[in-house]
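The structure appears right after this line, and notes come after that.
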Amino acid sequence: CGVFGAIGVSNAANFVALGLHALQHRGQEAGGIVTYCPDLGFQSDRRMGYVRDNFTSREVMEKLPGTIGIGHVRYSTAGAKGQTAIRDVQPFFGEFSLGGAAIAHNGNLTNAAALRRELVERGSIFQSSSDSECIIHLMARSMGRTIPDRMEDALRKCEGAFSVVAMTRTKLLGCRDPLGMRPLVLGKVGDGWALASETCALDIIGADFVREIEPGEMVVISAEKGVESFFPFRARASRFCIFEHVYFSRPDSIIGGRSVYETREAIGRELAKEAPVDADIVCPVPDSGTPAAIGYSLQSGIPYAMGIIRNQYMGRTFIEPSEQIRNMGVRLKLNVNRALVRGKRVILVDDSVVRGTTSRKIKEMILEAGAKEVHFRIASPPTAWPCFYGVDTPERGKLLAATMNEEEMREWIGVDSLKFISLDGLYRAVGELNGRDPMRPRYCDACFSGDYPVAPADMLEQGFKM
Ligand code: 5GP
Ligand code: SF4
Ligand code: MG
């Protein structure tokens, strides 16, 4: 998901809508905006579909007045899969003592089922099936004397991944979980401030990127005091999601002082060093494989070619929740540039193999178009474990790499060769020159390694075996 907040700007909703539009790649199912103005109180609008189709008309935007606002773009992970109900769309907003608050959450709480059970037993009335709603109920029940105190209190009870943007009547709040699994950045816009999942959302509103919110940091932003910073959690070594670098973030965003594009190009270079092959052209599986394919081409000296063309008007396939639509999606979205691949030995670079269905279909299309050989090169290690921290991966049994080794996967996809970047290679490419330190890994890489930095308590309870 993507989160955004703005304070101290006229018409905050316009900034939020633009910010969310720039974060649309993080969630395409639904979006929502909450604002506050003294005359009307909190106003909220949540809708299914793209930001550009929902939050552009004057009619909608006029009903979201105020100088403070937050927003969320949603893609569903755990919970009510398939059909997002409007009641599951964030931000969640609640009136309680001290004036009420709204929150938008990116990530996934690993103890949400347990928290919900407890809250329901004590009388909380849930509106949605979302893990994130726990946070607002915990805030409402907290004995904290201010809303920021209550948010601190609430988030100390939460486990898992959370980058949260929240608002009171007068303050904008932001917080990252102690491991800093999901991103969150701070920007300055005129006399006001913005919080966003990624820096690309600051660029679109002309805000200056100030810094990343630190893992475990909470910021409280108000007109009187500016940005105040707190560290409410026990300090721990951070574990940012390495898959943000590979796939999830936008290539023009800055993470850890480097553009995601540069990191992806470095991943492609590393892949070319680890898994060279004699071929005529390097083609990305667009768009997610493009920067890595450029890196592979630069490193290997094999010419880059746009052998597959993407229809820009389809969304990201994996964000469509139903498997049937996803299977259709490959052909709706991608087409082979026949003139380029006919008679050629083709290297295809993609970011990841999850179920393997995309790779298999693309191979078919490329061979149909007359390619002589097809070699897959993948910019991440085999995805063998599900993510419980906010990225939508299917259950373990549906992951190709959970049941097959590399040779079996090659055979199943039906290509001349298949190679994945090693986990050490991926760490080197993201800037860890010595690779992955198994005693103290710097990133979350659980979907590749099975090393879960936070025990997925709810899933273990349901019988998941680590
Ligand atoms: P597959 O067909 O192997 O499941 O899909 C892999 C391709 O689609 C990759 O190019 C990746 O960009 C995208 N993708 C499809 N489904 C998922 C998913 O559930 N999780 C992630 N992380 N990527 C996916
Ligand atoms: Fe990211 Fe994978 Fe960890 Fe999920 S399991 S947070 S996708 S690295
Ligand atoms: Mg892809």
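The values are calculated or read from the model by the stated rules, or taken from the named source; none is laboratory data. This structure is a prediction, so every number in the text was calculated from the model and none was measured. When we count neighbours, we look across all protein chains shown, and the Cβ atoms used for this are built from the backbone with ideal geometry, even at glycine.
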Response to the item:
Scanning segment 42-75 residue by residue, those out of contact with any His (no Cβ under 9 Å at 6 or more places or on another chain), modelled with pLDDT of 95 or more and aromatic (Phe, Trp, Tyr) turn out to be PHE42
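At negative phi and assigned to a helix (DSSP H, G or I): which single residue out of ASP53, ASP39, ASP45 fits that description? Break it down into steps so the answer makes sense when it comes.
Numbers: ASP39 fails: assigned to a helix (DSSP H, G or I); ASP45 fails: assigned to a helix (DSSP H, G or I).
When all the criteria are applied, what remains is ASP53.
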Practice prompt. State yes or no: is ARG156 basic (Lys, Arg) and more than 27 Å from CYS200 (Cα to Cα)?
Written response: yes
Fill in: Residues satisfying the stated conditions in segment 426-456, i.e. out of contact with any strand residue (DSSP E or B) (no Cβ under 9 Å at 6 or more places or on another chain) and surrounded by fewer than 22 Cβ atoms within 10 Å (Cβ to Cβ)
ARG428, LEU433, ASN434, GLY435, ASP437, PRO438, MET439, ARG440, PRO441, SER449, GLY450, ALA455
Fill in: Options GLY370, GLY431, GLY397; residue that is among the small types (Gly, Ala, Ser) and under 30 Å from GLY256 (Cα atoms)
GLY431
Practice prompt. Taking the options ILE135, ILE147, name whichever one is out of contact with any His (no Cβ under 8 Å at 6 or more places or on another chain) and either without any contact (Cβ under 8 Å) to a residue 60 or more places away in the chain or within 16 Å of ligand 1 (Cβ to nearest atom) (or both).
Written response: ILE147
Worksheet item: Any idea which of (1) closer than 17 Å to CYS283 by Cα; (2) surrounded by 23 or more Cβ atoms within 10 Å (Cβ to Cβ) is the one GLY390 doesn't satisfy?
Response: (1)
Item to complete: Could you tell me which residue of segment 203-255 is nearest to ligand 2 (Cβ to nearest atom), considering only residues that are of a type in the set (Ser, Thr, Tyr) and over 21 Å from GLU265 (Cβ atoms)?
Response: SER238
Discussion item. Pull out all pairs, ordered by first then second residue, where Cβ-Cβ is under 8 Å, the residues are six or more apart or on different chains, the first lies in segment 245-269 and is in a helix (DSSP H, G or I), and the second is surrounded by fewer than 20 Cβ atoms within 10 Å (Cβ to Cβ) and small (Gly, Ala, Ser).
Written reply: THR263/GLY431
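Every residue, every condition in (1) surrounded by 21 or more Cβ atoms within 10 Å (Cβ to Cβ); (2) β-branched (Val, Ile, Thr); (3) at pLDDT below 95, yes or no:
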| residue | (1), (2), (3) |
| --- | --- |
| VAL89 | yes, yes, no |
| GLY100 | no, no, yes |
| ILE103 | yes, yes, no |
| ALA140 | no, no, no |
| ASP149 | no, no, no |
| LYS157 | no, no, no |
| ALA161 | yes, no, no |
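Can you say whether VAL349 is of a type in the set (Val, Ile, Thr), touching a strand residue (DSSP E or B) at 6+ places or on another chain (Cβ under 7 Å) and surrounded by fewer than 24 Cβ atoms within 10 Å (Cβ to Cβ), as far as the supplied structure shows?
Values: of a type in the set (Val, Ile, Thr): yes; touching a strand residue (DSSP E or B) at 6+ places or on another chain (Cβ under 7 Å): yes; surrounded by fewer than 24 Cβ atoms within 10 Å (Cβ to Cβ): no.
No: the conditions fail for VAL349.
Identify all residues within segment 395-409 that are crowded, with 16+ Cβ neighbours inside 10 Å, within 23 Å of the chain's Cα centre (by Cα) and part of a loop (DSSP other than H, G, I, E, B); write none if there are none. Before the answer, list the steps.
First, the residues of segment 395-409 that are crowded, with 16+ Cβ neighbours inside 10 Å: 399-402, 404, 409.
With the extra rule that they be within 23 Å of the chain's Cα centre (by Cα), the set shrinks to 399-402.
The one that is crowded, with 16+ Cβ neighbours inside 10 Å, within 23 Å of the chain's Cα centre (by Cα) and part of a loop (DSSP other than H, G, I, E, B): LEU399.
I'd like to check something: does segment 355-362 contain any residue that is of a type outside the set (Lys, Arg) and either within 14 Å of ligand 2 (Cβ to nearest atom) or part of a loop (DSSP other than H, G, I, E, B) (or both)? Walk me through it before giving the result.
Our first condition is that a residue be of a type outside the set (Lys, Arg); within segment 355-362, this holds for 356-359, 362.
Those still in the list that are either within 14 Å of ligand 2 (Cβ to nearest atom) or part of a loop (DSSP other than H, G, I, E, B) (or both) too: 356.
Yes; the residues of segment 355-362 include at least one that is of a type outside the set (Lys, Arg) and either within 14 Å of ligand 2 (Cβ to nearest atom) or part of a loop (DSSP other than H, G, I, E, B) (or both).
Every residue, every condition in (1) within 30 Å of ASP177 (Cα to Cα); (2) within 16 Å of ligand 3 (Cβ to nearest atom), yes or no:
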residue	(1), (2)
PRO215	yes, no
ARG239	yes, no
PHE243	yes, yes
ARG269	no, no
TYR304	no, no
